[in-house]
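Visitor: I'd like to ask you about the structure that follows.
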Amino acid sequence: MKIGVLGSGIVGKVLATGFLKHGYKVMMGTRSPDKLKEWAGQNPGGRTGGFNATAQFADLLVLAVSGNAAADALRAAGTANLAAKIVIDATNPIAEAPPVNGVLRYFTDINESLMERLQREFTSAKFVKAFNSVGNAFMVNPQFKGGKPTMFICGNDDAARKTVTGILDQFGWETADMGMAEAARAIEPLCMLWCIPGMLRNEWTHAFKLLT
Ligand SMILES: NC(=O)c1ccc[n+]([C@@H]2O[C@H](COP(=O)([O-])OP(=O)(O)OC[C@H]3O[C@@H](n4cnc5c(N)ncnc54)[C@H](OP(=O)(O)O)[C@@H]3O)[C@@H](O)[C@H]2O)c1
């Protein structure tokens, strides 16, 4: 499976490197491929290019751009290049306004997530929320004394969620499948919760686990 990672930030780089490590063919997309020269030098198996070329290349896409640029990045990727493809959505709708007492502010509200907005605009893509609720240092094969952490996922396509669950198995996660896209209303704010100990006490080395 060929993976196209939209985004040149730390999340894009970490996930792209993780997919390469697990044997996938990977291309990273950005508006300015120069930004990825160092990554390309360190990862000779990986390709880099624009958003559109990356989406054309990919069988499965990872969306790893800032939340307020998510729709623009997907438009630049080209609607036709998203058709019938899984889009793993790692974004969070973080607003520009500063956090309040360590709590990030979002530009969405509790009854409408960013992923639902994206799914409505890009109807032919199969969005699956994942990787948004943990810091990038723990996205690929995290090691915690408390065992495997839990990644909460959701999306409207059952088969797409199964495919992403398989990827999360390889990436060392236990998956909690929360069903349809509306569940992103609950999963996106997990990033707020994850960041609070960091903002208040500079503690950034944790992940969520669902006990049953
Ligand atoms: N940092 C973390 O540990 C973490 C953890 C979980 C989830 N997340 C989420 O993951 C996403 C990526 O985070 P990040 O920290 O790696 O990077 P970021 O700084 O949030 O985003 C960088 C990316 O956004 C793109 N971008 C910015 N403005 C754009 C525009 N107007 N049009 C198109 N693209 C635009 C940039 O494109 P260019 O490449 O063209 O500059 C770049 O690829 C965010 O939504 C974040 O909330 C982050």
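The values are calculated or read from the model by the stated rules, or taken from the named source; none is laboratory data. Note that this is a predicted model, so its numbers are computed, not measured. Neighbour counts run over all protein chains shown; Cβ positions are idealised from the backbone, glycine included.
Visitor: I need the full set of residues from segment 20-33 which are more than 9 Å from the ligand (Cβ to nearest atom) and either in a strand (DSSP E or B) or closer than 24 Å to ALA71 by Cβ (or both), in order please.
Guide: Initially, segment 20-33 is screened for residues more than 9 Å from the ligand (Cβ to nearest atom), giving 20-27.
LYS25, VAL26, MET27, listed by residue number.
The rows are residues; the columns are (1) in contact with a helix residue (DSSP H, G or I) (Cβ under 9 Å, 6 or more places away or on another chain); (2) basic (Lys, Arg); (3) under 18 Å from LYS129 (Cα atoms); (4) surrounded by 20 or more Cβ atoms within 10 Å (Cβ to Cβ).
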residue: VAL26; (1), (2), (3), (4): yes, no, no, yes
residue: GLY46; (1), (2), (3), (4): yes, no, no, yes
residue: ALA83; (1), (2), (3), (4): no, no, yes, no
residue: ALA90; (1), (2), (3), (4): yes, no, yes, yes
residue: ALA95; (1), (2), (3), (4): yes, no, no, no
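Visitor: Here's another thing I want to ask about it. Quick check on segment 110-132. Is at least one of its residues near the ligand (Cβ under 8 Å from one of its atoms), touching a residue at least 60 places away in the same chain (Cβ under 8 Å), out of contact with any Cys (no Cβ under 6 Å at 6 or more places or on another chain) and within 28 Å of GLU174 (Cα to Cα)? Outline the logic, then answer.
Guide: Within segment 110-132, the first condition is being near the ligand (Cβ under 8 Å from one of its atoms), and the residues that meet it are 131-132.
With the extra rule that they be touching a residue at least 60 places away in the same chain (Cβ under 8 Å), the set shrinks to 131.
Checking the rest, the ones that are also out of contact with any Cys (no Cβ under 6 Å at 6 or more places or on another chain) come to 131.
Checking which are within 28 Å of GLU174 (Cα to Cα) leaves us with 131.
Yes.
Visitor: Give ALA160, ALA207 a once-over and let me know the one that is more than 13 Å from the chain's Cα centre (by Cα) and not in a loop (DSSP other than H, G, I, E, B). First the steps, then the outcome.
Guide: Details: ALA207 fails: not in a loop (DSSP other than H, G, I, E, B).
Only one candidate qualifies: ALA160.
Visitor: Just to be sure I understand, how many residues within segment 66-84 are touching a strand residue (DSSP E or B) at 6+ places or on another chain (Cβ under 7 Å), closer than 13 Å to GLY50 by Cα and near the ligand (Cβ under 7 Å from one of its atoms)?
Guide: Number of matching residues: 1.
Visitor: Could you check, for segment 76-88, whether at least one of its residues is more than 25 Å from GLU112 (Cβ to Cβ), of a type in the set (Ser, Thr, Tyr) and at pLDDT 95 or above?
Guide: No, segment 76-88 contains no residue that is more than 25 Å from GLU112 (Cβ to Cβ), of a type in the set (Ser, Thr, Tyr) and at pLDDT 95 or above.
Visitor: Specify the residue that is farthest from GLY166 (Cα to Cα); the eligible residues are those in segment 80-109 that are in a strand (DSSP E or B) and without any contact (Cβ under 8 Å) to a residue 24 or more places away in the chain. Even if it seems obvious, please write down each step before you answer.
Guide: If we filter segment 80-109 for residues that are in a strand (DSSP E or B), which is where we start, we get 86-89, 94, 100, 103, 106, 109.
Add one more test, that the residue is without any contact (Cβ under 8 Å) to a residue 24 or more places away in the chain, and what stays is 100, 109.
Working: VAL100: 37, ASP109: 30 Å.
Checked segment 80-109; the qualifying residue farthest from GLY166 (Cα to Cα) is VAL100.
Visitor: Condition first: among the β-branched types (Val, Ile, Thr), within 13 Å of the ligand (Cβ to nearest atom) and over 15 Å from GLY135 (Cα atoms). Now tell me which residues in segment 1-19 satisfy that. Step through it out loud before you land on a result.
Guide: Filtering segment 1-19 down to residues among the β-branched types (Val, Ile, Thr) leaves 3, 5, 10-11, 14, 17.
Filter once more, keeping what is within 13 Å of the ligand (Cβ to nearest atom): 5, 10-11, 14, 17.
VAL5, THR17 - these are the residues of segment 1-19 that are among the β-branched types (Val, Ile, Thr), within 13 Å of the ligand (Cβ to nearest atom) and over 15 Å from GLY135 (Cα atoms).
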